[in-house]
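What follows draws every value from the coordinates through simple rules; no lab data is involved. None of these values were measured; they are calculated from a predicted model. Here the Cβ is made from the backbone with ideal geometry for all residues, glycine too, and neighbour counts use every protein chain on show.
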Amino acid sequence: MMDWLRRHLPFVLPSTTIFLFCFAAPVAYFFVMSFWQIKSYRLSTDPTAHNYIEVWTDYFSSLWYTFAVASVIGLAVTTVAFGFAYFIRFKAGRWGTPLLFVALLTLFGGYLTKIYVWKTILGQSGVLNTALQAIGAIDEPITAFLYNPLAVVITLGHYTLPLAILPIYGALRSVEDVPLRGARDLGARPWRVFKEIVLPQCQAGILFSFTLTFLFAAGDYVTPLLVGGPYTSMMGVIIQHQFGLRFNAPLGAAMAFTVIAVCMIIIGALGLALRQSLKVRA
Amino acid sequence: MASTDETIVRLTGISKSFGDLVAVHPLDLTIQRGDFLAILGPSGCGKTTLLNMIAGFLYPDSGTVEIGGRDVTRQSPDRRPTNMVFQGYGLFPHMTVRQNIAYGLHIRKTPKNELKERVREIIDLVHLEELEERGVGQLSGGQAQRVALARALIMRPDVLLLDEPLAALDLKLRKAMQTELRRIHNSIGGTFVFVTHDQSEAMGLANQIAVMSAGRIVQQGTAEDIYATPQSRFVSTFIGEANILRGRRSGGRITLVLGGGFEDAGNDEDVVVMLRPEAASLAPADAPLPDDALYLTGRLEDAVFLGTYIKYTVAVDDEIFAVHSADTDLRGRVAIGDAVQLSWAHTEHKVLPDT
């Protein structure tokens, strides 16, 4: 044990230190804080579950809405990413690598740029409305394009898509061709080959992509604020308020841990469902 | 099961090109039920393309594929009564040995009891007992080969196709698998077609050999037939070892480039004369010549003892000839560097077209 430490410590010490002080310690601190309470503008440190009860009662609709939007984004983006990755792995031939590169290139410009791009496209005097008016499809600009849940889904989906393609593409690359021909030879129609040979081999990649986009969407508070409109109060925005305007860090911490717990449950459940449905029954 | 008179596969005029490259020129091939056929040829001769057209992974540009009397030319592999053992095996990496083997029957919705029974049967046949629940990643090359074989055989195909089935195995395992494949073919019968570039594998396994060269089947027959009466220079050198002498026929007589000649009726043209190493005799240069024999004189370059025979290498001018001799006394009468006489009877050589 001492020997092992002496040999590996120089490598793990810096990262362990950073992790402990910059991540584990603050998270532990906020976890403890989530059981504290603000009573008449004073911090009371008597442990209570009151904050958590408040999250599940007063903020239930926001909680539900957050996970609904995040799930829709996670599922939609993972599906589109799978289609794209599948295409470049199996159908695009020598165009595969350039296509993948183009997809990654869209990451250039960053996060805020994408939000404003969609504001420009979907806004009242935006590209879409102007175009529709120009061809005479509408008389008045449609205000419903922006400031709604769909705008949040589109904007966040657009940003996370290239990130979701990579893990799936990585998994599909290690799916070999000969077993697919083998399955055809043994009588499987193309759809069965896909479901029983291709999909089970890239389960981990699919779950990874979903996790990435889902967590990104569930934790984001900028996009809903800028394109989501007044009624689309996602948890990220509300949590940010607790730490900012509301000066109620304990409630904010309780909200954050609730979101983290629900995220883990949803991802775990999806992982199990995926494994069950792709289990080999032969 | 031995070869029968019933035709199981009939290829008529099938051809295949990839862009400008003609992989298979229009060719005919019939395979009898019970045959163990080797499609033998150097790499790039179109043999794998031909196999893929029988399996349905490629559709021919022209011609028809009939299997069991049914036209399957445009049918995909899942609809054909063939199963393939792939080069590199192509096992399903996310399944156990048993799941791999049962997959085809599972697709056919075989009743559970029958499926279990047949899996048991096939596992016994290929000796995979105790390995059923292993992942296929934990298998050795020979074991993976058996799983690939079992996975295809369990379907009881009309024709079992094997694409270079032993190429990935080391020599010792290859020999063992050859014996194994023959045992399996003998015990279950059925028709096996396999593709190989290794003539010893073809001769060691198959009762029928189709030799391919540059997209054409240049000769088909039993190993013995092809060895004894090759129809071209290519076949003679590809199946077994052969000494090739160049010559020209003119006015019913062939004159060899290295000297000597003999009567042989036919058109005036360049020909090759093929002589098997075991059909030639070697003697010291001053030994009396057997009656009516052809001979060459040269220098003994090498002599290697190979157990049942000694392989002599003789240089005549710049050309190298091989002589296999089981005569143990000869070794004492000729030494490396000696002038020697290489002779053979007229009846031993074959005159072939130069292709």
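Cα centroids of segment A:133-177 and segment B:158-177: 51 Å apart.
So how far, in whole Å, is the C-alpha centre of segment A:216-266 from the one of segment B:38-106? Distance between centres, Cα-based: 57 Å.
Note on chain B: Cα-only Rg and Dmax are 24.6, 79 Å.
Between B:GLU180, B:GLU201, B:GLU269, the residue with the greatest mean-square fluctuation in the GNM of chain B (Cα pairs under 10 Å linked by springs) is B:GLU269. Rounded, prolate or oblate: pick one for segment B:199-331, where a ≥ b ≥ c are the square roots of the eigenvalues of its C-alpha gyration tensor, a/c under 1.5 means rounded, and failing that, prolate if a/b is larger than b/c, else oblate. Oblate. Around the amide H of B:SER213, modelled in the peptide plane, lie the amide H atoms of B:VAL218, all under 5 Å away and 5 or more residues distant in sequence or on another chain.
When chain A is treated as a GNM with alpha-carbon contacts under 10 Å, the residue of A:LEU270, A:LEU166, A:LEU20 showing the greatest mean-square fluctuation is A:LEU20. Distance between the pseudo-spin-label points of B:HIS127 and B:LEU306 (7 Å out from Cα toward the beta carbon): 2.9 nm. Look at the dipole of the protein assembly as shown built from charges on Cβ: of B:ILE188, A:GLN37, B:ALA23, the Cα furthest out on the positive end belongs to A:GLN37.
So which of A:LYS279/B:LYS116; A:LYS279/B:LYS112; B:LYS47/B:LYS112; A:LYS279/B:LYS109 end up more than 27 Å apart by C-alpha?
Numbers: A:LYS279/B:LYS116 19 Å; A:LYS279/B:LYS112 18 Å; B:LYS47/B:LYS112 38 Å; A:LYS279/B:LYS109 17 Å.
Pairs exceeding 27 Å: B:LYS47/B:LYS112.
Sorted largest first, the spans of the alpha carbon positions of the protein assembly as shown along the three principal axes are 128, 76, 55 Å. Classify chain A as rounded, prolate or oblate, taking a ≥ b ≥ c as the square roots of the eigenvalues of its Cα gyration tensor: rounded when a/c is under 1.5, otherwise prolate if a/b is larger than b/c and oblate if not. Oblate shape, in that a/c is at least 1.5 and b/c is the bigger or equal ratio. Whole-Hz Karplus values for segment A:105-120 come out as 4, 5, 5, 5, x, x, 7, 5, 4, 5, 4, 6, 4, 6, 4, 5 Hz, taken residue by residue from phi with 6.51 cos²θ - 1.76 cosθ + 1.60 and θ = phi - 60°; glycine and proline positions read x. For chain B, the dipole from Cβ point charges (+1 on Lys and Arg, -1 on Asp and Glu) about the Cα centre works out to 1740 debye, to the nearest 20. With R₀ fixed at 60 Å, the C-beta to C-beta distance from A:ILE135 to B:ARG74 puts the FRET efficiency at about 0.80.
Neighbouring Cβ atoms within 10 Å as the yardstick, rank B:MET274, B:MET84 fewest first.
B:MET274, B:MET84
Between segment A:181-198 and segment B:287-308, the alpha-carbon centres lie 60 Å apart.
The convex hull of the Cα atoms of segment A:72-208, projected and averaged over all directions, covers 10.6 nm².
What does the charge dipole of segment A:92-211 about its Cα centre add up to, to the nearest 20 debye, if the Cβ of each Lys and Arg holds +1 and the Cβ of each Asp and Glu holds -1?
Values: 9 positive and 6 negative charges, 70 e Å.
Using only the charged Cβ atoms, the result is roughly 340 debye.
Counting only aspartates and glutamates at least 8 places from B:LYS172 when in the same chain, those with an alpha carbon closer than 17 Å to its own are B:GLU164, B:GLU180, B:ASP198, B:GLU201. Computed from phi, the 3J(HN,Hα) profile of segment B:22-29 under the Karplus parametrisation 6.51, -1.76, 1.60 (θ = phi - 60°) reads 8, 7, 9, 6, x, 9, 10, 7 Hz, with x in place of Gly and Pro. Coupling constants for segment A:138-152 follow from the phi torsions by the Karplus curve (6.51 cos²θ - 1.76 cosθ + 1.60, θ = phi - 60°), and in residue order they are 9, 9, 9, x, 8, 7, 6, 5, 9, 6, 8, x, 4, 4, 5 Hz; glycine and proline get x. Select from segment B:102-165 those GluC sites (Glu not before Pro) which occupy a DSSP coil region and have at most 10 other Cβ atoms within 10 Å, ordered by residue number. Here the sparse-neighbourhood loop sites are B:GLU129, B:GLU130, B:GLU133. Mean residue ellipticity, 222 nm, helices only, chain B: the sum of -39500 (n - 2.57) across DSSP H runs of n ≥ 4, divided by residue count and rounded to 500, is -7000 deg cm²/dmol.
Rank the residues B:TYR312, A:TYR41 as a footprinting-exposure proxy: fewest other Cβ atoms within 10 Å of their Cβ go first.
Values: B:TYR312 24, A:TYR41 7.
The most exposed by this proxy come first: A:TYR41, B:TYR312.
Quick one: grab the alpha carbon gyration tensor of segment B:14-78, order the square roots of its eigenvalues as a ≥ b ≥ c, and give me rounded if a/c is under 1.5, else prolate or oblate depending on whether a/b is larger than b/c. In terms of gyration-tensor shape, oblate. Placing unit charges on each Cβ (+1 for Lys and Arg, -1 for Asp and Glu) gives the protein assembly as shown a dipole about its Cα centre, and among B:GLY104, B:ALA293, B:LEU50 the Cα reaching farthest toward its positive end belongs to B:GLY104.
With springs connecting C-alpha atoms under 10 Å apart, model chain B as a Gaussian network and identify which of B:ASP61, B:ASP20, B:ASP35 has the largest mean-square fluctuation. Maximum among the listed residues: B:ASP20.
Only Lys, Arg, Asp and Glu carry charge here, each on its Cβ (+1 for the first two, -1 for the last two); on that basis the protein assembly as shown has a dipole of about 3180 debye about its Cα centre. Placing unit charges on each Cβ (+1 for Lys and Arg, -1 for Asp and Glu) gives the protein assembly as shown a dipole about its Cα centre, and among B:GLY260, A:ASN248, A:VAL80 the Cα reaching farthest toward its positive end belongs to A:ASN248.
Test of the criteria: in segment A:60-145, which chymotrypsin sites (Phe, Trp or Tyr not before Pro) are in a DSSP loop and have at most 13 other Cβ atoms within 10 angstrom of their Cβ?
Details: sites: A:PHE60, A:TRP64, A:TYR65, A:PHE67, A:PHE82, A:PHE84, A:TYR86, A:PHE87, A:PHE90, A:TRP95, A:PHE101, A:PHE108, A:TYR111, A:TYR116, A:TRP118, A:PHE145; in loops: A:PHE108.
Counting only loop positions with at most 13 other Cβ atoms within 10 Å, the chymotrypsin sites (Phe, Trp or Tyr not before Pro) in segment A:60-145 are A:PHE108.
A convex hull fitted to the Cα coordinates of segment A:1-134 yields 300 cubic angstrom per residue.
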